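Accompanying notes for the structure given below.
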2 protein chains.
Amino acid sequence: MNARPASASLNAPALYEQVAERLRTRIFSHDLAPGSWIDEQALAQEYGISRTPLREALKVLASEGLVILKPRRGCYVTELSEQDLDEVFPVMALLEGRVAEEAARRLTSADFSRLQAIHDELEQHAATNDADRFFDANQRFHSALQEIAGNRYLSQLIDDARKVIKLTRRDSLRLDGRLRQSLAEHRDILDALRRGDSGLAGQRMHDHLLSGREALAKLHVASRA
Amino acid sequence: MNARPASASLNAPALYEQVAERLRTRIFSHDLAPGSWIDEQALAQEYGISRTPLREALKVLASEGLVILKPRRGCYVTELSEQDLDEVFPVMALLEGRVAEEAARRLTSADFSRLQAIHDELEQHAATNDADRFFDANQRFHSALQEIAGNRYLSQLIDDARKVIKLTRRDSLRLDGRLRQSLAEHRDILDALRRGDSGLAGQRMHDHLLSGREALAKLHVASRA
DNA sequence: ATTCATAATTATGGATGCAGTATTATTGCA
DNA sequence: TGCAATAATACTGCATCCATAATTATGAAT
């Protein structure tokens, strides 16, 4: 009747994984800025741990593409070039498009209600121009679709790609009008899902992602001017 | 005029990376069999290194999906279920299809000659029924296409997926007739590339991968009987 | 004053040691 | 003889330590 006493320690993620997660947060927030050097000693001291689990965490982040390990020269936060973005986004569009397509095929009415509920949040936050909450709900919408599509491997690739894309997170959603446009695109995707048109859902999701890339490009051009 | 004296040490991969590569080889060869426990001490001793770099290597392999790390319980070689394969292959087909499509768009005549040369090897090894060399040439063909397509991110995802698929390498190519069939599919792909029909090239590559999955499925059913 | 060489400092990568936990073996009891 | 409880063993995960290489600072020479 107890809650598995052993599970307490089993459920506790390894220290290196906890550290990896903390570092991800700091990288996404640009607290650790792209291109900046990661001071192992300082971080280990700050977290009150030794360098060993920290270094293991950095290995994980490196394989996720969030940092790059330069042998004998330390670890640096990844800087994405425009070319990198032009490579990642089309792939992301391909993968997310597939998810939408597959989700449309398997969609139950319960699933749809769930998506509808999240979409309503999107409408709300778009109305109040709350980019942060919009972003959050947006992510949950996409995650829900992934779950419905039911391909864990595909999901994992998307999650990884999303991490990479989040490196650029001075949020294209903050571009004037982008939030409204994103919402409109979501409406169209939801519409295709309701109609059960998997091809169309896939196509619209695909284009939605590319549209996100364009918004980001505009933002970068603007910030350069 | 010198050849950069520093590059000697820079070129040397980190120890953990060397170890990771050695482990990959042993995993693919089933020297370390799926599901088997990885004895850190024994391996470290065998390689004449400490457990530290070995453990770092295992972190990398874990993020590649070749092993799974069970907290406090050690590291095990990944076992792929049929469901896993049914998830990975369609994604692989999607990605490789995209590569073929993109490569077809960018293909120069020099590129085509290169592909043709590799394909000729395939014909050779198919004729002599040399599965190992066929496999090798096959991999080079796909790699060449990836290079031509010119999307490094896409390439990386495919490379990762290929590693996962290689876990099952009791080679579907060894299935009777599969080698011939694979060759025929390659001919068709090359044909589409020559004609510059990117859509067709993508489609055929996509189907080629799914065909590979089917061959593997037959093999597994057969081995169960 | 600038540049190059050399010395001092600092950081990385790897080895070793140790505490805590899981696993296995052993012993006692039903 | 089988099962449970407990003791012994073994392994994982983290910390600490050390050697080597890279970076920076210092000083000399042009």
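The values are calculated or read from the model by the stated rules, or taken from the named source; none is laboratory data. Worth saying up front: this structure is predicted, and the values here are computed from it rather than measured. FYI the Cβ positions are ideal-geometry reconstructions off the backbone, even for glycines, and counts take in every protein chain you see. Just the protein is used for accessible areas: all its heavy atoms, side chains included, with ligands, DNA and RNA removed. Shrake-Rupley method; radii C 1.70, N 1.55, O 1.52, S 1.80 Å.
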TODO: Inspect segment A:56-63 for any residue being out of contact with any Asp or Glu (no Cβ under 9 Å at 6 or more places or on another chain), under 24 Å from residue A:157 (Cβ atoms) and either touching a residue at least 12 places away in the same chain (Cβ under 8 Å) or outside the structural domain of residue A:167 (by TED's automatic domain parsing) (or both) and give the result as yes or no.
DONE: yes
Open item on the list: Can you tell me which of (1) without any contact (Cβ under 8 Å) to a residue 12 or more places away in the chain; (2) part of a helix (DSSP H, G or I) is the one residue B:176 doesn't meet?
Closed with: (2)
- [ ] Assess whether residue A:172 counts as being within 28 Å of residue A:33 (Cβ to Cβ) and either among the polar types (S, T, N, Q) or crowded, with 20+ Cβ neighbours inside 10 Å (or both).
- [x] yes
- [ ] Please indicate, with yes or no, whether at least one residue in segment A:102-120 is within 14 Å of the chain's Cα centre (by Cα) and over 30 Å from residue B:147 (Cα atoms).
- [x] no
Open item on the list: Looking at A:196, A:202 in this structure, which one is in the same structural domain as residue A:105 (by TED's automatic domain parsing), open to solvent by 40 Å² or more (accessible area, probe 1.4 Å) and at pLDDT 95 or above?
Closed with: A:196
Task: Odd one out for residue A:165 among (1) assigned to a helix (DSSP H, G or I); (2) open to solvent by 50 Å² or more (accessible area, probe 1.4 Å); (3) not charged (D, E, K, R) - done: (2)
Open item on the list: Given the criteria open to solvent by 40 Å² or more (accessible area, probe 1.4 Å) and within 14 Å of chain B (Cβ to nearest Cβ), does residue A:34 qualify?
Closed with: no
- [ ] For segment B:82-96, indicate whether the set of residues that are within 14 Å of DNA strand D (Cβ to nearest atom), β-branched (Val, Ile, Thr) and either open to solvent by less than 10 Å² (accessible area, probe 1.4 Å) or not assigned by TED's automatic domain parsing to the domain that holds residue B:150 (or both) is non-empty.
- [x] no
- [ ] Would you check which residues across segment A:13-47 are within 9 Å of DNA strand C (Cβ to nearest atom) and modelled with pLDDT under 95 and list them?
- [x] none
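Results for (1) within 14 Å of chain B (Cβ to nearest Cβ); (2) aromatic (Phe, Trp, Tyr), shown as yes or no for each residue.
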site: A:141; (1), (2): no, yes
site: A:155; (1), (2): yes, no
site: A:160; (1), (2): yes, no
site: A:166; (1), (2): no, no
site: A:176; (1), (2): no, no
site: A:181; (1), (2): no, no
site: A:189; (1), (2): no, no
site: A:212; (1), (2): no, no
Task: All positions within segment B:48-73 that are near DNA strand C (Cβ under 10 Å from one of its atoms) and open to solvent by 30 Å² or more (accessible area, probe 1.4 Å) - done: B:48, B:49, B:50, B:51, B:52, B:55, B:70, B:71, B:72, B:73
Task: Filter pass, residue B:143 being out of contact with any Leu (no Cβ under 9 Å at 6 or more places or on another chain) and open to solvent by 70 Å² or more (accessible area, probe 1.4 Å) - done: no
Task: Tally of residues being in a helix (DSSP H, G or I) and farther than 22 Å from residue B:123 by Cβ across segment B:180-225 - done: 17
Open item on the list: Can you tell me how many residues within segment A:76-108 are not polar (S, T, N, Q) and not in a helix (DSSP H, G or I)?
Closed with: 5
Open item on the list: If I go through segment A:56-75 residue by residue, how many of them are outside any helix (DSSP H, G or I) and within 8 Å of another protein chain (Cβ to nearest Cβ)?
Closed with: 3
Task: Where residue A:79 falls short, out of the listed (1) touching a residue at least 12 places away in the same chain (Cβ under 8 Å); (2) loosely packed, with under 14 Cβ neighbours inside 10 Å; (3) within 16 Å of DNA strand C (Cβ to nearest atom) - done: (3)
